[in-house]
Amino acid sequence: MSTAYTDPILHWYGANARDLPWRAPDATPWGVLVSEFMLQQTPVARVLPVWHRWMERWPTPASLAAEPSGEAVRAWGRLGYPRRALRLHGSAAAIVERHGGRVPSSHDDLLALPGIGAYTAAAVASFAFRRRHAVLDTNVRRVLARLCSGVEYPPRSQTRAEVRLAESLLPLDPPTAARWSVAVMELGALVCTARTPRCVDCPVTGQCAWQRAGRPAYDGPPRRGQTYAGTDRQCRGRLLAVLRDAEGPVEKGALDVVWADAVQRERALDALIADGLVDPLDDGRYALPA
DNA sequence: TATGCGTGGGC
DNA sequence: TGCCCAAGCAT
């Protein structure tokens with residue numbers, strides 16, 4: 001439905017939207033899908049160059065599916081969470097097998113692809129196909145928490161109330177709903193940011209419940225910080241970087257030198273193999289998966 | 001439902 | 001400087 005927020009936010013988006021390639025008129029559904037995979041937990045600035053190279057090399061799902069998954073992992077570079085590369089490759093293969101090489105437009109079909117959850121299915125259906133779905137990402141959750149609920153941050157995990165709220169705000173006309181969703185996301189990314197919101201630039205500051213309450217500080221449970229140094233995650237990253245940067249298979253010794261703790265190193269390597277990110281060869285060497 | 005999963009930039 | 005955060009997903 002239409003609310004007091006709708007027009008100001010849509011208007012603000014028209015004047016302030018970033019010129020991102022996956023939003024261009026000639027962007028393909030595949031380009032949108034690739035961007036959504038890469039943007040999962042990764043900032044736009046770091047995605048941009050990788051996305052351009054990716055789309056040049058693999059302009060269609062079929063072109064990616066025709067190559068080994070290890071090539072996807074290599075091209076993923078340092079975006080982080082490389083299992084996403086594997087799942088994107090898997091999605092490309094499933095799109096070829098089940099959908100004739102064309103990215104499906106329905107939420108259900110998208111949700112059935114590997115690496116696609118509720119958010120990404122809604123985002124692709126909405127942004128690539130102009131379908132009407134509530135798109136609830138971290139930006140939207142934060143904007144709605146402040147605007148409608150008067151709190152600085154949304155709950156730790158997504159609630160049904162948040163989904164209902166997002167659905168209740170969705171314009172009835174599907175293309176307008178899609179534009180609304182991307183507009184709220186953009187507002188969260190550029191103005192209603194997590195750390196230091198720029199309320200002076202906000203088009204709905206006058207209607208914001210958090211603003212009207214005097215911007216009370218967050219008083220919920222501490223928001224979980226992620227430690228990294230010394231973790232299995234860091235170890236996995238080091239090991240995989242060796243394989244990414246190598247031309248072909250590497251000797252075990254090349255992996256051993258990047259992490260001192262042998263127990264942790266072996267555990268991480270086994271996990272990478274179990275995840276399908278590393279292929280142990282018969283000759284004792286290691287490679288990205290074929 | 002809580003946890004594990006990479007990486008780098010901003011404050 | 002460390003800490004927090006970034007268009008989540010799978011288990």
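The values are calculated or read from the model by the stated rules, or taken from the named source; none is laboratory data. Keep in mind the model is a prediction, meaning the values are calculated, not measured. A quick note on method: Cβ atoms are made from the backbone with ideal geometry, for glycine too, and the neighbour counts reach across all protein chains shown. The accessibility values were calculated without ligands, DNA or RNA, using every heavy atom of the protein model including side chains. Shrake-Rupley method; radii C 1.70, N 1.55, O 1.52, S 1.80 Å.
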query: What Rg and what Dmax come out for chain A when only alpha-carbon atoms are used, in angstroms?
result: 21.2, 67
- request: Calculate how steeply helix A:29-39 sits against the longest principal axis of the alpha-carbon atoms of chain A, using the helix alpha-carbon long axis, and give the answer as 0 to 90 degrees to the nearest 10.
  value: 80
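Which chymotrypsin sites (Phe, Trp or Tyr not before Pro) in segment A:135-227 sit in a loop by DSSP (not H, G, I, E or B) and have at most 13 other Cβ atoms within 10 Å of their own Cβ? Intermediate values should be presented prior to the final figure.
Working: sites: A:Trp180, A:Trp210, A:Tyr218; in loops: A:Tyr218.
Filter output for segment A:135-227: A:Tyr218.
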- request: Over chain A, average the accessible area per residue using a 1.4 Å probe and give it in Å², no decimals.
  value: 50
statement: When the charge dipole of segment A:209-290 is computed with +1 at the Cβ of Lys and Arg and -1 at the Cβ of Asp and Glu, the Cα pointing farthest to the positive end, of A:Pro222, A:Leu281, A:Leu269, is that of A:Pro222
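Suppose every K and R has +1 on its Cβ and every D and E has -1 on its Cβ; what is the size of the dipole of chain A about the Cα centre, in Debye to the nearest 20?
Working: 36 positive and 30 negative charges, 198 e Å.
Taking the Cα centre of chain A as origin, the dipole is about 960 debye.
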- prompt: In degrees between 0 and 90, to the nearest 10, how far off the longest principal axis of chain A does helix A:44-57 point, with axes built from Cα atoms?
  reply: 60
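I'd like the projected area of segment A:147-239, averaged over all directions, using the convex hull of its alpha carbons. Report it in nm² with one decimal.
On the way: hull surface 36.1 nm².
In nm², the orientation-averaged hull projection of segment A:147-239 is 9.0.
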message: For q values of 0.14 Å⁻¹, compute log₁₀ I(q)/I(0) with the Debye formula on a Cα-only model of segment A:232-287, without solvent.
response: -0.30
- prompt: Rounded to the nearest 10 Å², what accessible area does A:His11 show when all protein chains are kept and the probe is 1.4 Å?
  reply: 140
- prompt: Label point 7 Å out from A:Ala287 along Cα-to-Cβ: which residues of segment A:243-264 have amide N under 20 Å?
  reply: A:243-256
- request: Take the solvent-accessible surface of the protein heavy atoms, probe 1.4 Å, and return the percent of it on segment A:24-131 that carbon and sulfur atoms account for.
  value: 54
query: Roughly to the nearest percent, how much of the accessible area of segment A:232-287 is carbon and sulfur, given a 1.4 Å probe?
result: 50
- request: State, as an integer percentage, the relative contact order of chain A based on alpha-carbon contacts under 8 Å between residues 6 or more apart.
  value: 19
- prompt: Assigning unit charges at the beta carbon (Lys, Arg +1; Asp, Glu -1) and nothing else, what dipole magnitude in debye, to the nearest 20, does segment A:6-129 show about its Cα centre?
  reply: 440
field: D (Stokes-Einstein, µm²/s), Kirkwood Cα radius, segment A:1-66, 1.567 mPa s at 4 °C
entry: 95
message: Give me the percent of accessible area attributable to carbon and sulfur for segment A:138-212, probe 1.4 angstrom.
response: 54
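According to the square roots a ≥ b ≥ c of the eigenvalues of the Cα gyration tensor, what is the shape class of segment A:11-137, taking rounded for a/c under 1.5, prolate for a/b larger than b/c otherwise, and oblate for the remainder? Don't jump to the answer; show the numbers that get you there.
Working: a/c = 1.62, a/b = 1.21, b/c = 1.34.
In terms of gyration-tensor shape, oblate.
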